[in-house]
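First comes the structure, then the notes that go with it.
Where a number appears in this text, it was derived from the coordinates with a stated rule and is not lab data. Everything numeric in this text was worked out from a predicted model, so none of it was measured. Using ideal geometry, Cβ is built from the backbone for each residue, glycine included, and neighbour counts are taken over all protein chains shown.
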Amino acid sequence: MRSLHKSKIRELERKANEIRQDIIETLVEAGSGHTAGPLGMTDIFTAFYFHILAHDPKKPEWDGRDRLILSNGHICPVQYVTMAHAGYFPRKELLTLRKLGSRLQGHPHRSVLPGIETTSGPLGSGLSQAAGMALAARMDNQKHRIYCLTSDGEHQEGNYWEAVMFAGKERLHNLTAVVDRNNIQIDGFTEDILPLEPLRAKYEAFNWHVLEVDGHNIGAFIAAVNEAHAIYEKPTVIIAHTIPGKGVDFMENDYTWHGKPPKAEEAEVALRELREALGKLGN
Amino acid sequence: MLNKKLEPNKKIFSDDIEQVPTRNGFGEGLVLAARKNKNVVGLCADLTESTRMDAFAKEFPERFFQVGVAEQNMATVAAGLGISGKVPFIASYATFSPGRNWEQIRTTISYNNSNVKIAGHHAGISVGPDGATHQAIEDIATMRVMANMRVIVPADAIEARKATMAAASIVGPVYLRLGREKTPVFTTEKTPFVPGRAEILWQSKKKPTVAIIGCGPLLYNALLAARDLEQEEGIGSIVINSHTIKPLDEKTILAAAKKCGAVVTVEEHSVLGGLGGAVAELLAKKLPTPMEFIGMQDTFGESGSPSELLAKYKMDAPAIIAAVKHVLRRI
C-alpha cells in the first residue's frame, strides 16, 4: 500500500462526501434501511475501496484480491454506494436497493452481487467466516489479506467471542478486524444495553494486537491498517471511534437514526449540509 | 424377499450379523475422501474421538481444526473455508450441531451455498443413557426445511462410509446423520449407493399391500418386521431405504405407494417433519395414501439402554408390525 500525500487524503475526503450524499439519496428511494451506521463508516469504506484493498472491480472473482467481509450487514448501503463509486456496478442501480428483483438486497447476499464476499445480516458471525477465509489463505500460501468490518453492538453475540478466541488461538495475522465503535445500537447506547467496555482489554486478553483510531481520520486509519500488516504473530483489531450519522448535524450521535431512512424533506436538509461541506473541502 | 440385486449381507437375518456404529463409517469415509481431495478439511468441537474424526486428524493434522466447545463458531469458520475453495466437514453431536448453530447454518452455509458438510452424530434416542438432552430427534426436520441443503441418513456403517465420500463430491451443503450405537451391517461393499436414489431392500413374493419406507439403522427392524409379516401373518410388503430425505426419491416412493396402497414410515426421529413428514407431503400432493408413522410421537426421550428405549417408544420390529396392521385396517 502506498503512503499518503495530503492531496490524496483530500481526494479521499471528497469521495467520502460524495458517497454520503449517495447514501442519503439511496435510502430515501428505498424507503427503509439504516442511516446512522452507513454515514458513520463512510470514511473507512472509502479508505478501503479507494486506497487499501488490492482489488479489481472489473474482476470481482480475482483470486488474489483482498477480502472485505461486512459482518454487520445492515450497514450495507455504504458498501453498495462505495462499490458503485469504485466501479463494481452502475450508480443508477443504487436506486433498486431493497426492491423486488434487485441485486442490492436489504442485507447483502453473496450469490447475487459479485464483490460481496459473504452473506450477512444476522449479527456476530462475520468474524468467524473471515477467520475461515484467513485459514484457507494460510493453508494455500496465498498473500491476500482478510478484513472484517464489525459493529460494536454485535460484540454482544456469543458467536463473536468464539471467533475472537479462535483467531487468537490460530494467530491469524492475515486477519484484521475493524470495530465500528459508535456506541449505539437499536435500543439505545451500548453501555446502557449491555456494556462492552473495557473493549481493548478484552481483545488483548484473547491475544490480539489492538489499535484505536479516530474513524473519521482517513490518514490515521490507513496508518493503523499499515501497522496491522506489520504484526506477524497475532490478528489485529482496529477499534475505530466513529460518530453515527457523521456529516449530517441532526443525525449525529442520535441512536434513533440507527434503523430508519430520512424522509424526502429531511434528506434535502442533509444533502444541503453535505454539499456545503464539500465546497469547503476544496480541491 | 430380500432384493438380491442389492447384494445384501448374507448373514442378514442371522444372530451373529456384524454390528458397527454408523459413525465409524463416517470416520473411514472422511479419511478416504481426504486422500482423494486435498481440499477436504475437518473441524471438530471437542468431540474428535467420539465423532470418529480422530483418524482424519491424525493423518492430516494440517487440515484439522480443533475449535473447542463452540459449535456456532465451527459452522461459521467452516462457511468461510467453504467459500474459499475448501470442502469442510464439521462434526459434533446433532443436538449441538445442527442444533445450537441452526441460524449460522441457515445464513452462512445454506443461504450462502457454502460447500460445508455437517455431520450430526449421536442422533436419535439410541444414544441411550445420556438422556434426552443428547438425543437429537429434530435434526432431519430442521435441516430439510432449509433451501440448498441435502439430507442423508445412512442405514449402516458401510453406507455411512459411502455417503461421506459422496458428500465430499457433492458441491453444496449436505447434512449427514449418524448414530452412536453398534447396529447391524446389512449392506455390503457391492450394495449400490447413489445420493437421491432410494433402494428397494425387500419385496414380498406375495402381493405387497404396504410400503415400509425408512432411513437409518432402524431399517434393520423394518426388514425383520417385513420378514415376520410375510412368514407369520401372510402380509406382503415392500421395504425402501430412503437414505436421502432431500432430495427425496419421489419416483420410487410414488411407485411403491401406488403398488401397495398403504405406507408406514420408519425413522429414529420425531414423527413431525422428518422422513415421515417428507413422504406425507409428497403423497398428499400426488397420491393420497393412508399412512402410519414410526418415530418419536411428539415427546422427548429419556435415559435407558438403546433396546429398552426403542421398545418403549415403539420403534422395534413388533411396533412396526403393529403399525402395518393398523394402517391396513384403515383401507
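Rounded to the nearest whole Å³, what is the per residue volume of the convex hull around the Cα atoms of the range A:6-281?
116 Å³
Count neighbours as other Cβ atoms within 10 Å of each site's Cβ, and list the GluC sites (Glu not before Pro) in the range A:185-253 that are DSSP loop with at most 10 such neighbours.
Listed in order of number, the matching sites are A:GLU233.
How large is the Rg to Rh ratio of the range A:89-175 when both quantities use alpha carbon positions and Rh follows Kirkwood?
1.05
Output the relative contact order of chain B, whole-number percent, from Cα pairs under 8 angstrom with separation of 6+ residues.
About 19 percent, as a whole number.
What does the charge dipole of chain A about its Cα centre add up to, to the nearest 20 debye, if the Cβ of each Lys and Arg holds +1 and the Cβ of each Asp and Glu holds -1?
Magnitude of the dipole: close to 1060 debye.
Rounded, prolate or oblate: pick one for the range B:196-329, where a ≥ b ≥ c are the square roots of the eigenvalues of its C-alpha gyration tensor, a/c under 1.5 means rounded, and failing that, prolate if a/b is larger than b/c, else oblate.
oblate
Could you pull out every residue, at least 5 positions away or on a different chain, whose amide H is within less than 5 Å of the one on B:ASP249? Hs are placed 1.01 Å off N in the peptide plane, and Pro or chain starts have none.
The answer is B:ALA198.
Can you give the Rg and Dmax of the protein assembly as shown based on its C-alpha atoms, in angstrom?
Expressed in Å, the Cα Rg and Dmax of the protein assembly as shown come to 28.0, 95.
If one puts a single equal scatterer on every Cα of chain B and applies the Debye formula without solvent, what log₁₀ I(q)/I(0) results at q = 0.07, 0.11 Å⁻¹?
Calculated log10 I(q)/I(0) at the listed q: -0.25, -0.64.
Assuming R0 = 56 Å, what is the FRET efficiency of B:LYS258 and A:LYS263, from their Cβ-Cβ distance, to the nearest 0.05?
Efficiency, rounded to the nearest 0.05: 0.40.
Which of A:SER125, B:SER237 comes first, and how do the rest follow, when ranked by fewest Cβ neighbours within 10 Å?
Ranked by crowding around the Cβ, least crowded first: B:SER237, A:SER125.
Helix B:22-36: angle to the longest alpha-carbon principal axis of chain B, degrees 0 to 90, nearest 10?
50 degrees
Is there a pair in B:LYS4/B:LYS325; B:LYS182/B:LYS325; B:LYS246/B:LYS286 whose C-alpha atoms are over 20 Å apart, and which pairs would that be?
B:LYS4/B:LYS325; B:LYS182/B:LYS325
Trypsin sites (Lys or Arg not before Pro), restricted to the range A:186-275: which are DSSP loop and have at most 12 other Cβ atoms within 10 Å?
Here the trypsin sites (Lys or Arg not before Pro) that fit, given the DSSP loop and packing criteria, are A:LYS263.
With +1 on each Lys and Arg Cβ and -1 on each Asp and Glu Cβ, how big is the dipole of the range B:47-145 about its Cα centre, in debye rounded to the nearest 20?
280 debye
Relative contact order of chain A, please, whole-number percent, based on alpha carbon pairs below 8 angstrom and at least 6 residues apart.
Averaging sequence separation for qualifying contacts and normalising by length gives 24 percent for chain A.
Loop-only check: which trypsin sites (Lys or Arg not before Pro) in the range B:159-219 are DSSP coil with at most 10 other Cβ within 10 angstrom?
B:LYS190, B:LYS205
Could you tell me the largest-minus-smallest coordinate of the C-alpha atoms of the range B:19-184 on each of the three principal axes, in descending order and whole angstroms?
Cα extents, longest axis first: 40, 32, 26 Å.
Please arrange B:SER305, B:SER126, B:SER97, A:SER120 by counting, for each residue, the other beta carbons lying within 10 Å of its beta carbon, fewest first.
B:SER305, B:SER126, A:SER120, B:SER97
Summing Lys, Arg as +1 and Asp, Glu as -1, what charge do residues with Cβ under 11 Å from the Cβ of B:ASN101 carry, B:ASN101 excluded?
For residues surrounding B:ASN101, the net value is -1.
Any idea how far the Cα center of the range A:39-109 sits from the one of the range B:253-331, in Å?
Result: 50 Å between the Cα centres.
All other residues with a Cβ under 13 Å from the Cβ of B:PHE60 taken together, and with Lys, Arg as +1 and Asp, Glu as -1, what is their net charge?
Local charge sum for B:PHE60: +3.
In whole Hz, what ³J(HN,Hα) sequence does the range B:48-64 give by Karplus (6.51, -1.76, 1.60; θ = phi - 60°), x for Gly and Pro?
So the J values, rounded to whole Hz, are 5, 6, 6, 8, 6, 8, 5, 5, 4, 4, 6, 7, 10, x, 6, 10, 10.
Angle, helix B:219-228 long axis vs. longest principal axis of chain B, Cα atoms, 0 to 90°, nearest 10?
With rounding to tens, the tilt is 10 degrees.
Over the range A:128-283, what is the relative contact order in percent, taking alpha-carbon pairs closer than 8 angstrom and at least six residues apart?
Worked out over the range A:128-283, it gives 23 percent.
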